[in-house]
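**Student:** So that we are looking at the same thing, I have put the structure below in structure tokens.
Every number here is computed from the coordinates shown, using simple stated rules; none is lab data. If you're wondering where the values come from, they're calculated on a predicted model, not measured in any experiment. All Cβ positions, glycine included, derive from the backbone under ideal geometry; neighbour counts span all protein chains shown.
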Amino acid sequence: MSRIAAPTSFKPSPAQRPCMPATKEIKCESQDCELDMFENHYTYDVPDDHSVADLSCPYCGGSQLAEIEV
Ligand SMILES: [Zn+2]
């Protein structure tokens, strides 16, 4: 009973999407905000045109967010 069925390896076609849904580190640039940074973990369903500009700060609700390049 120890045999585990090997999952079919999921290989998306190489030409599919150049950018994988990633973990984005985002900081709030509002001077009044005490949030240093936070992480967004996206799924594969995130629209291509989604950007940090579509988000608002979970702490202050402001939109002065900047993506941190890592
Ligand atoms: Zn903020």
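**Student:** Modelled label-to-label distance, SER30 and LEU55, 7 Å Cα→beta-carbon offset: nm?
**Tutor:** 1.5
**Student:** Could you tally the net charge around GLU67, taking each other residue with its Cβ under 12 Å from the Cβ of GLU67, Lys/Arg +1 and Asp/Glu -1?
**Tutor:** Neighbour charge sum, excluding GLU67 itself: -3.
**Student:** With each label point set 7 Å from Cα along the Cα-Cβ vector, what nm distance links GLN64 and GLU39?
**Tutor:** 2.6
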